[in-house]
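Contents: one structure, followed by commentary.
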Amino acid sequence: MAADEKPGVEGRTAFRAPIELKVDYKKLNSFFADYTKNISKGGTFIKTKKPLPIGTRFLFKLTVPLRNDPFELLGEVVWSTIEGDDPGMGIKFVYSADNQRSDFEGVVEQLMSTSLGSDLAGKLLNKPIK
C-alpha cells in the first residue's frame, strides 16, 4: 500500500469512534504532542503533518479522561498521508501482554460508550447492552 493510500473501512477489524485524545511520542530526539482523530480496540489515527515512516514501531502515551496516568502503548505505523485536511498516520496497537490488551480495550469501550451512548456503542461493539 502506498504511503498516501488509506485502507477502506472494510479492511478494519474493529469499529472506530471519532474520539480525540492527546498523544505524546518521541521521534528521533524530539518529543511530539498530537491528537487522535478516531480510535478502536485495534488502533488509532494520529493527526500530524509529519507522520513517521510506515513500519515504524514507537512507544506513545495516550492521555485518557478520568485516568490519572496516561496509557503507555507500543504502536506500529501501518499507513500515512500528508494530503488533504487530515494529514496523519494510521497506527496498529502492539500489545505486550493479554492483560494490557484487555485493560486498554476496556478503556476504549468506556470511551465509546461515553462518546456515542451505551446503546449505540453496544451495537457497534456487538456487545449486549447492560
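The values are calculated or read from the model by the stated rules, or taken from the named source; none is laboratory data. Computed from a prediction, not measured in an experiment: that's the story for all the values here. FYI the Cβ positions are ideal-geometry reconstructions off the backbone, even for glycines, and counts take in every protein chain you see.
For the residues 12, 16, the requirement of being out of contact with any strand residue (DSSP E or B) (no Cβ under 7 Å at 6 or more places or on another chain) and modelled with pLDDT under 85 singles out 12. Of all the criteria given as (1) in a strand (DSSP E or B); (2) out of contact with any Phe, Trp or Tyr (no Cβ under 7 Å at 6 or more places or on another chain); (3) buried (at least 16 other Cβ atoms within 10 Å of the Cβ), the one not satisfied by residue 33 is (3).
Look through 94, 107, 78 and report the one residue that is modelled with pLDDT under 85 and among the hydrophobic types (A, V, I, L, M, F, W, C).
Testing whether each residue is modelled with pLDDT under 85 and among the hydrophobic types (A, V, I, L, M, F, W, C) leaves just 107.
Does residue 74 fit the bill of being under 22 Å from residue 110 (Cβ atoms), out of contact with any Lys or Arg (no Cβ under 9 Å at 6 or more places or on another chain) and of a type in the set (A, V, I, L, M, F, W, C)? Against the criterion (under 22 Å from residue 110 (Cβ atoms), out of contact with any Lys or Arg (no Cβ under 9 Å at 6 or more places or on another chain) and of a type in the set (A, V, I, L, M, F, W, C)), residue 74 does not qualify.
Taken as a whole, the structure leaves residue 74 outside the set of residues that are in contact with a strand residue (DSSP E or B) (Cβ under 7 Å, 6 or more places away or on another chain), within 18 Å of residue 26 (Cβ to Cβ), loosely packed, with under 15 Cβ neighbours inside 10 Å and aliphatic (A, V, I, L, M). The set of residues in segment 38-60 that are surrounded by 15 or more Cβ atoms within 10 Å (Cβ to Cβ), among the charged types (D, E, K, R) and at pLDDT 90 or above contains only 47. Among the residues of segment 39-56, those that are closer than 22 Å to residue 83 by Cβ and assigned to a loop (DSSP other than H, G, I, E, B) comprise 48, 49, 50, 51, 52, 53, 54, 55, 56. The set of residues in segment 63-116 being of a type in the set (S, T, N, Q) and outside any loop (DSSP other than H, G, I, E, B) consists of 63, 80, 81, 99, 100, 102, 110, 113, 114, 115. Say we look at segment 77-94 and pick out the residues that are in contact with a strand residue (DSSP E or B) (Cβ under 7 Å, 6 or more places away or on another chain) and among the charged types (D, E, K, R); which of these is surrounded by the fewest Cβ atoms within 10 Å (Cβ to Cβ)? Step by step, filter segment 77-94, then rank; the result is 86. In segment 36-80, the qualifying residues are those that are under 13 Å from the mean Cα position of the chain (by Cα) and of a type in the set (D, E, K, R), and the one that is farthest from residue 100 (Cα to Cα) is 47. Among the conditions (1) part of a strand (DSSP E or B); (2) free of Cβ contacts under 8 Å to residues at least 24 places away in the same chain; (3) not aromatic (Phe, Trp, Tyr), the only one that residue 59 does not satisfy is (2).
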